[in-house]
Amino acid sequence: MLPGYTEELTKTSTEVAEPGGEPAAPEQLSQRAVQAQVASVTRAARAQAGSGGVLQVVHGAKRVGWAAYELQASATHLVQGVAKPPYAQTGTLDSLESRKLAEGVRYQVLYDRSALARPPQLDITTKLVAMGEQARVIHVAPTKLIMVDNEIALLPLTVTETSVESAVVVRSSAMLAAIARIFEDLWRYAAPFTANQDLDGNELRPTEEERWILSLLASGATDDTIGRLMGFSARTAHRRVRELISRLGVETRFQAGMQAVKLGWL
């Protein structure tokens, strides 16, 4: 484990006091109280830069949603994210992004293809891109992610089909540097977003040249063989193969061939 601490937001509603000092009844726990708890976590994560604290855990779908909101609200120059289901239920993240874009904050958002299959999301993303969001699409994203100013990130820990039940706040550390590198690699190989995105997989259909490379991959050809037959250097062939493997959302050459057949690319 990384050195540092883990802070859990597990207070029950009866532990949140009203202004008069009396504990609030469960039904009286306000959205403001939840926001205040989450805001304290994000402030603490930033304030712990020199104390060795690295991780903080946020429990509860509502708190996770507000953690996502508070982190983006604190951004000064860059927000990077990976969007895929399930979604935090705040209903305000898109309007917040609009405001931050207007303030000059850059957004780089990597969309899992399934995220754009949600009826409203394609229209929302199109509007945000028109406002300045940089968006790309990947076949299968490994996880949801929000990373702000290269200083702090939020990743899910436990999820259900409909919500993120807990998440971890990660501040500046070797772990955060690794997360940033993974995002950069995913971003490099993802396909640019277009407003007429084809959600059945056609937006990632290969060129004829790529189709030949995939055919050679499926036949078991090595990078040297692919380079020789295609007129590439072995280094270029290796890079092209890795790009195709990443676009297909798989890990091995064999899986790439199988996935290409499944998608009708071969």
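Every read-out reported here was derived from the displayed coordinates using simple, explicitly stated rules and does not represent laboratory data. Computed from a predicted model, the values in this text were never measured in an experiment. No Cβ is skipped: glycine too gets one built from the backbone with ideal geometry, and neighbour counts run over all protein chains shown.
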Using per-residue counts of other Cβ atoms within 10 Å, averaged over each peptide, order 75-86, 180-191 from highest down. 75-86, 180-191
Output the peptides 158-166, 220-228 sorted from most to least packed, where packing is the average of other Cβ atoms within 10 Å over each peptide's residues. 220-228, 158-166
Give me the one-decimal nm value for the distance between modelled label points at Glu243 and Thr225, 7 Å along each residue's Cα-to-Cβ direction. 2.3 nm
If you find the alpha carbon centre of region 94-120 and of region 248-266, how far apart are they in angstrom? 29 Å
Stretchable slack from Tyr189 to Val57, in nm (0.36 nm times residue separation minus alpha-carbon distance): 44.5 nm
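How do the peptides 235-248, 141-154 rank, highest first, by the average count of neighbouring beta carbon atoms within 10 Å per residue? If you can, show how the numbers build up before the last one.
Working: 235-248: 17.7, 141-154: 20.0.
Descending packing order for the listed peptides: 141-154, 235-248.
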Stretch gain in nm, segment Thr158-Leu266, where the contour uses 0.36 nm per residue and the Cα spacing is subtracted: 35.2 nm
Whole-angstrom gap from region 211-243 to region 56-78, using each part's C-alpha centre: 43 Å
